[in-house]
């Protein structure tokens, strides 16, 4: 029997070794060697993740597997170690990260074929997996923060992967800097936790959570949530994510859909104990999520870039996950995160396959009619669309239904808004599907004559993810449909402490049936509308030159949020910096400093004149001096 | 005796160097600095971390009529800074091998003299001796900048010299004042000065605080006493800039720790807040200015002001976490800033410019340089698992504990630092090549030998900082407990 501690430690170490091997041999390795090392290391981690998962399943409930490698920082009473924790929550994350990660690695072999940065790409990808694993496996806040910033770094490196294009570099910088705004909140929250609990170890903090005042807990959880807003692209820190689509498509799938952007969900779920102690923070999570879900969905309706639609859809879906967390339905949020990882990765990879086939065309106005030419891509993409739209029995149906049921139990208003976001989702996803695959081809004849289905390294991952997008929901079949909700059972130990606090409304089965019926019915209506508009009437979105109506124009331009940020934050910052540089620094402080030097100089010049060598003047001065002194003595 | 050898070996070497042939000067200087490094490693090896007293101590009267003693010794705080000096100087000398300087014996001789003075500052246990070494450090660097500097060096180095010298005079006045407060046969001995200082009533401790702080603040420099720095860093020859930013500014921080906090605790208690606020203003102010700089060297100069501001603010919280953070951050900053200025020098040697607008696309032709630059940049923006993170986190931690809002404002460095560093990287390395960078050659073997070890150090310190932290731990704790005691005894 191999030591379980070694197995745990190896999970992140394998991708790290992969990264080191490839990055140190960037110029030497041929693509074949790189592919084997990169994919092999992730496959190895996946195998280990499975064995740890099995270990947890056969252990008594509440078991946590831990290992401490070494003391990392210890100074003046502060202490944080390199130690890992595998419990049901992190175990599930491990499976998703390494499983989906492996598929995307395989996919990338085909997608990045022939790129001069092939080796560099895979080294970054392995490094990303390493940091992502640290993020979810760390048993203390600081180690989570390491992973948190590390994945941000990899995201930056991969968005700007094609570094000759300064637009891509701008997108990379934007992502890093926006994330750093969130990170500042997160790290301050972490410090506040240390100040209040004297430890950053999850177990210590959660055990003593109730000893802190509600105000403190609220402050901590809000600060942490600022971090989540950055990483998981919620209002107001979401604008980096659509721009992040500048990176190669597998990156969009892995980092900007399936794993990294869900770090915020993981973090809030991990801290469920703290969040349940602060109703105010939970409300904040709920409403930020809710507003983001609707807001991003409306933008997605009017986008014409295949990846941008998916990006806004991701922002919107992440919003729905936060809605679940904000309602205290932590396992529901995690459930949707898992199914979303499957179908969104599938959709991105499908989009990548389309882009690949059309030689880097991303505008859906130039697509259409690809159904016959890319049959595997089409079928799998269709499955993804059905899953995200919540058509039973695809994966998204179960997880989304659970969120909506929880929302309904909370308040009708929340339910209406969330349902609206989810209906918009099915509309824009079918719009995307129809414009891409149906109708007559709008790409140039030259492109259409070269079109061909992608190679096996691309289609096999698509197929596997399609299966998961179909069946992934079965891990959480609700009682109303005769299931036992395995996932929620599995995660119970993680959320037990909170479940005791949060009051849960239980809906009648009849209510649940009614809700499901309404939603599914309306979804089908939305699909029908999309079909009529984009297939029957063959509407194609307006070209750039066409003038749009006010509402359409606003949505098409993403509510001008980027422009607003530029005007109220970026420009003022530069203005401030320039005025510091010119007025305060050069004309202010330095003038004073030089002035002091100058005055000594001028003063000396003036005093120099007194020593003019004329004896008469000296005697005169002396006499004046004596008179003054004498008169002073007489006067006082 | 080891300590004396450590101080005076570089001096001896610099004198011998004058006899060397010009073409061999750099080699001999390098050998001498490596011997000095070995010497310091021997000391580090023999050093007892658990002992709070100064080790390898040596004390002998020197000029009795002035109360001057040749009194030196090394505790954990000193040792870290000595190591920083002895590690960086060989790197600085070796990094210069590609440059050709006129009168190399003098140039390298001055560097070694500078090293003597720096080591002297970090190990002095006598007030006047400390002052002597402090001023002695100024002379070689003044000549290095004056003789081998760039455009309008005369005016700029003169300002630098007068400004820092002027600041130091306040310190001298304060030290002499304290000297006359010592009982009996007056003495400059550090413990005697400590006792005299602590016994003073608050108003006097207050002005002594400001007199000393001014000297240290100018050296680091802390806002608003910094305006000599960007010009001097820009105009100095690369090795001069490295000495100034890598090591010399740590004299100021070291001064705060050794010659301010224990000397006038009540003064620190009273005025520390003001000093922290100035430092924090400096972080934001200098970071903002860095964002709009067009010259790489000047940009790094401003970023250095920001980083130093965080160090001085964190250490003045007098929290052991902040103090330890300051120690580790001093080492990290020294190494990173050395690497940044070296990278700028490499770019300058190939393109003859520091101007960001004229660069771009270097990553296309020099991927190794770009990768090294990336790692150093990450260290500078304090990404976890680089050396920069450990210190920055501990410092922010102490500031946040001190006062939440101060910590939050200082924390903006996380964002602003990323803005100016990423911008620098993008403008110089990314994008398409231009005519100037098209023929840019990647790192030579010589340059790799300088930068690879630096990259390894940055990452290793980030992953396993424990050895460094443990060196200064006992000394820091001792210093702070003495501080608390003397504050308590005042009440």
Practice problem: Output the peptides B:295-303, B:318-326 sorted from most to least packed, where packing is the average of other Cβ atoms within 10 Å over each peptide's residues. | Solution: B:318-326, B:295-303
Quiz item: For region A:330-365, list residues with backbone N below 15 Å from a point placed 7 Å from the Cα of residue A:162 toward its Cβ?
Solution: A:352-363
Quiz item: Taking the mean number of other Cβ atoms within 10 Å as a proxy for protection, how do you rank B:194-205, A:514-525, B:111-122, A:455-466 from highest to lowest?
Solution: B:111-122, A:455-466, B:194-205, A:514-525
Self-check item: Inter-label distance, nm, simple model (7 Å from Cα along the C-beta direction), residue B:365/residue A:4
Solution: 5.8 nm
Quiz item: In percent, how large is the relative contact order of chain A, given Cα pairs closer than 8 Å and 6 or more residues apart?
Solution: 11 percent
Practice problem: Treating the angle as unsigned and between 0 and 90°, give the value, to the nearest 10°, between the Cα long axis of helix B:2-17 and the longest Cα principal axis of chain B. | Solution: 50 degrees
Quiz prompt | Length-normalised contact order for region B:43-134 - Cα pairs under 8 Å, 6+ apart - percent | solution = 29 percent
Quiz item: Can you work out the FRET efficiency for the pair residue B:488 and residue B:464, with r the C-beta to C-beta distance and R0 = 56 Å, to the nearest 0.05?
Solution: 0.95
Practice problem: Pull out a ≥ b ≥ c, the square roots of the eigenvalues of the alpha-carbon gyration tensor of region B:360-478, then state rounded if a/c is under 1.5, prolate if not and a/b is larger than b/c, and oblate in the remaining case. | Solution: oblate
Quiz item: Which order results if B:185, B:429 are arranged by neighbouring Cβ count within 10 Å, fewest first?
Solution: B:185, B:429
Exercise. Rank-order A:86-99, A:622-635, A:13-26, A:328-341 by packing density, defined as the average count of other C-beta atoms within 10 Å over each peptide's residues, highest first.
Key: A:328-341, A:86-99, A:13-26, A:622-635
Quiz item: Which FRET efficiency, nearest 0.05, do residue A:618 and residue B:165 yield, Cβ-Cβ r, R0 45 Å?
Solution: 0.85
Quiz item: Separation between the residue A:463 and residue A:537 pseudo-spin-labels, each 7 Å from Cα along Cα→Cβ, expressed in nm?
Solution: 4.0 nm
Exercise. Calculate for chain A the 222 nm mean residue ellipticity that helices alone would give, adding -39,500 (n - 2.57) per DSSP H run of length 4 or more and normalising by residue count, nearest 500 deg cm²/dmol.
Key: -23000 deg cm²/dmol
Exercise. Only Cα pairs under 8 Å and at least 6 apart count here; give the relative contact order of region A:90-225 as a rounded whole percent.
Key: 18 percent
Quiz item: At residue B:50 and residue A:582, where each label point lies 7 Å from the Cα along Cα→Cβ, what is the point-to-point distance in nanometres?
Solution: 6.3 nm
Quiz item: What is the average number of partner chain Cβ atoms found within 10 Å of a Cβ in A:173-180?
Solution: 4
Quiz prompt | If the convex hull is drawn through the Cα atoms of chain B, its volume per residue in Å³ | solution = 129 Å³
Self-check item: Which of A:360, A:509 has the fewest Cβ neighbours within 10 Å, and the rest in rising order
Solution: A:360, A:509
Exercise. Let me know the mean shielding of B:358-367 by other chains, meaning the per-residue number of their Cβ atoms within 10 Å of its Cβ.
Key: 1
Quiz prompt | Nearest 10 degrees, 0 to 90: helix A:412-437 Cα axis against chain A principal axis | solution = 70 degrees
Quiz item: What is the calculated FRET efficiency for residue A:412 to residue A:115, with r their C-beta to C-beta distance and R₀ = 35 Å, to the nearest 0.05?
Solution: 0.10
Exercise. Please order A:474, B:213 by the number of other Cβ within 10 Å, starting at the fewest.
Key: A:474, B:213
Quiz item: So what's the back-of-envelope 222 nm ellipticity for chain B, counting only DSSP H runs of four-plus at -39500 (n - 2.57) apiece and dividing by all residues, rounded to 500?
Solution: -25000 deg cm²/dmol
Exercise. Using a 10 Å cut-off on Cβ to Cβ distances, tally the other chain neighbours for every residue of B:221-232 and report the average as a whole number.
Key: 2
Quiz item: Against the longest alpha carbon principal axis of chain B, how many degrees, from 0 to 90 and to the nearest 10, is the axis of helix B:387-402 turned?
Solution: 40 degrees
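No lab work stands behind these numbers, since they all come straight from the coordinates. Here the structure is a predicted model, which is why all the values come from computation and not from measurement. Note: ideal-geometry Cβ built from the backbone for every residue, glycine included; neighbour counts use all protein chains shown.
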